[in-house]
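Visitor: Just dropping this structure here.
We did not get these values from a lab; they are worked out from the coordinates using the rules stated. Predicted model, so just to flag it, every value in this text is computed and none were measured. Cβ: placed from backbone, ideal geometry, glycine included. Neighbour counts: every protein chain shown.
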Amino acid sequence: MFLARRLVLAHFWVAFAGFAVALVLGEWQMVARSPLVPWVSNPELYYRSVTTHGTVMAYVLPTLVAMGFGYAITELSLGRPLLGVRWAWAGFWLVVLGTVVAATPVALGHASVLYTFYPPMIGSVFYYLGVVLVVVGSWIWVGLTSWNLYRWKKDNPGATVPLAMFGNTTGAYLWAWTSVGAASEVILLILPAAFGWKDTIDAGLARVLFSWTLHAIVYFWLMPAYIAFYTIIPRAIGGRLYSDTMGRVAFVLFLVFSMPIGIHHLFADPQVGAGFKFLHAVFTAMVSVPTLLTVFTICASVEIAARLRGGRGAFGWVKALPWDNPYMLAVAFAFIMLGFGGAGGIINMSYQLNETVHNTHWVTGHFHLIFAGAIVIMYFVVAYDLWPQLLRCGPLPTRLMKWQLWLWFVGMMITTLPWHWVGLLGMPRRMAYYDYSHPLLHPQAITVTISSIGGLMLVISGLMFIWILATARRRANGPEVPYTFARAVHAAPVPLALNSFGLWVGLMIGLTVVNYGFPIVQLASLPGTSVPVVRVGGPR
């Protein structure tokens, strides 16, 4: 019995409602930046939209998806009711309340600070208080995930933690630690300035603290997607998981290597020494290892499914894949976008090459391919796969699902590839408008216009996704089938190190202290580093 249905549905519906709003705002921003319409009369409206779009997409959507999917995994993989349901609802309502509290000053124009918490720009204190509530609500999920696993292991001594639960707990611990950076920045530096208690702020220290969270949060975003790669896709396409052990290795490597890399976002900032920038560049390269392991393992799992369907030969099995299956399309699209986005990431993490693309539209194209492309398309898969269980309805419409996934993939490629090109030409991001009448900018007009067409396709795809979920109740109820996760080809024994988290959490904390400890202590101890606060918006 799946008892946490209402709890999981609540998380998903709020997440996807916010996603729909943010998606429309994103398309409006592309049109406003293009030559299709006159310049925005009030550029602050553009930055207000960017703040809302970024905050919802970066914090609200992935947090609620991770929480909702996490609660479903906890109950379904452990085979027992979720412990602490009342606390789970409290965490959910804290996230909802925080979202409303943060969104209100943004909508009123009192917090158009984008979503990166970069002083000296300071918005309304309620914006930051709302973000704090979202984080606190998510910490309840972290605590419940850990508590449920602890109780299960106590009742099942020596048993192997299911892979889905192992990945879910990895994501929870990663989020708990990576959120400490931004939380420290907000509580210690930003809130005193936002409340008006201080008129100056140490912008350099704040940026370093935020970098603690800035890149590791990407791997928190992708944990639900990677759990879906390993535990949903092989089963959904009629195959088996190639290696359970490889999945565990990938998860713990994310836990270790995703934390000490954020300073590669500060290559252009003078307050951090070149030595630590180089160190973070090295660890950024290392974090590609679990992704490469995942690509290999899932491709092997896909091949198993094809050969079970009669596929033969070195490459002939590719034709035997179930290409009419939406889940097969989704994983193929995700890997293509992950490949393009990852290649761009190699440029971003290079100390020398980063100078060429820093703060240009190249960066926008890169992280949209990774998050909005590879990660969000797997969020669709998670929802599609769980929806019949959540609503006790029949199978979702396969044809519509395929159209929706194709639109998302094609729209994302049309949107982001031109961004990479104009980024190489030097077009800065976060600009409300461009003067395309200038001879040097005029050739870029058609490129930006093409991107806005891709954005329209994304909006249509997103609305199709909402429609498929919203109309699922109309589908005839079928017999309730127990939900299962993918099974590995071989049930190999799992080493103790890959069935627990003590070693990996210790390494995560240790590497973070090594890579961030000295820069933070040095910047905190330097005198005269504060700058005047720039307050954004009207009265608070």
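Visitor: Round to the nearest 10 and give me the degree value, 0 to 90, for the angle of helix 203-214's Cα axis relative to the longest principal axis of the chain.
Guide: With rounding to tens, the tilt is 10 degrees.
Visitor: Something else: For the pair residue 424 and residue 6, how long in nm is the line joining their label points, each one 7 Å along Cα→Cβ?
Guide: Roughly 5.5 nm, to one decimal.
Visitor: Where does the charge balance sit around residue 32 when Lys and Arg score +1, Asp and Glu -1, over other residues with C-beta under 15 Å from its C-beta?
Guide: +1
Visitor: May I ask you to order 168-177, 26-35, 311-320 by the average number of other C-beta atoms within 10 Å around their residues, highest value first?
Guide: Answer by packing, highest mean first, reads 168-177, 26-35, 311-320.
Visitor: Working from Cα positions, state the angle (0 to 90°, nearest 10) between the long axis of helix 326-349 and the longest principal axis of the chain.
Guide: 40
Visitor: So how much slack lies between residue 271 and residue 108, counting 0.36 nm per residue of separation and subtracting their Cα-Cα distance, in nm?
Guide: Roughly 55.3 nm would be gained on extension.
Visitor: Here's another thing I want to ask about it. Can you tell me the length gained on complete extension of the stretch residue 83 to residue 400, counting 0.36 nm per residue apart and subtracting the Cα distance?
Guide: 110.5 nm
Visitor: Next question. In nanometres, what is the gap between the two model label sites at residue 299 and residue 97, each 7 Å from Cα along Cα-to-Cβ?
Guide: Result: 4.9 nm between the two label points.
Visitor: Among all the aspartates and glutamates, which ones have a C-alpha under 13 Å from residue 319's C-alpha, if same-chain residues fewer than 8 places away are not counted?
Guide: Those aspartates and glutamates meeting the cut-off are 303.
Visitor: How high is the relative contact order of segment 67-168, given as a whole-number percent (alpha carbon pairs under 8 Å, six or more residues apart)?
Guide: On the way: 99 pairs, mean separation 41.8, N = 102.
Over segment 67-168, the number comes to 41 percent.
Visitor: So, one more: Over segment 5-523, what relative contact order in percent results from Cα pairs under 8 Å that are six or more residues apart?
Guide: 19
Visitor: Which aspartates and glutamates have a Cα lying under 20 Å from the Cα of residue 402, excluding residues fewer than 8 positions away in the same chain?
Guide: Leaving aside aspartates and glutamates fewer than 8 places away in the same chain, those within reach of residue 402 are 324, 385.
Visitor: Among 386-394, 487-495, what's the highest-first ranking by average C-beta atoms within 10 angstrom per residue?
Guide: Result, highest mean Cβ count within 10 Å first: 386-394, 487-495.
Visitor: Rounded to the nearest 0.05, what FRET efficiency do residue 438 and residue 286 give with R0 = 25 Å and r taken as the Cβ-Cβ distance? Could you check? Mind showing how you got there, number by number?
Guide: On the way: r = 42 Å, r/R0 = 1.69.
The formula returns an efficiency of 0.05 here.
Visitor: Pop the C-beta distance of residue 484 and residue 307 into the FRET formula with R0 = 25 Å and round what comes out to the nearest 0.05.
Guide: Between residue 484 and residue 307 the formula returns 0.75.
Visitor: Over the Cα atoms of the chain, each weighted equally, I'd like the Debye log10 I(q)/I(0) at q = 0.08 Å⁻¹, rounded to two decimals.
Guide: With no solvent term, the Cα-only Debye profile gives -0.51.
Visitor: Oh, and also: Tilt of helix 445-470 relative to the longest C-alpha principal axis of the chain, in degrees (0 to 90, nearest 10)?
Guide: So the inclination is approximately 40 degrees.
Visitor: Give, as ranges by residue number, the residues of segment 377-401 whose backbone N falls under 15 Å from the point 7 Å along Cα→Cβ of residue 336.
Guide: 377-378
Visitor: Let me ask something additional. What full-extension length gain, to one decimal in nm, is calculated for residue 507 and residue 21 as 0.36 nm per residue of separation minus the Cα-Cα distance?
Guide: 171.0 nm
Visitor: Where Lys and Arg each count +1 and Asp and Glu each count -1, what net charge lies around residue 205 among other residues with Cβ under 13 Å from its Cβ?
Guide: -2
Visitor: Another question, if that's okay. Measuring from label point to label point, each 7 Å out along Cα→Cβ, what is the residue 37 to residue 314 span in nm?
Guide: 5.3
Visitor: Another question, if that's okay. Show me 252-264, 284-296 ranked by packing, highest mean number of other Cβ atoms within 10 Å first.
Guide: Ranking the peptides 252-264, 284-296 by packing returns 252-264, 284-296.
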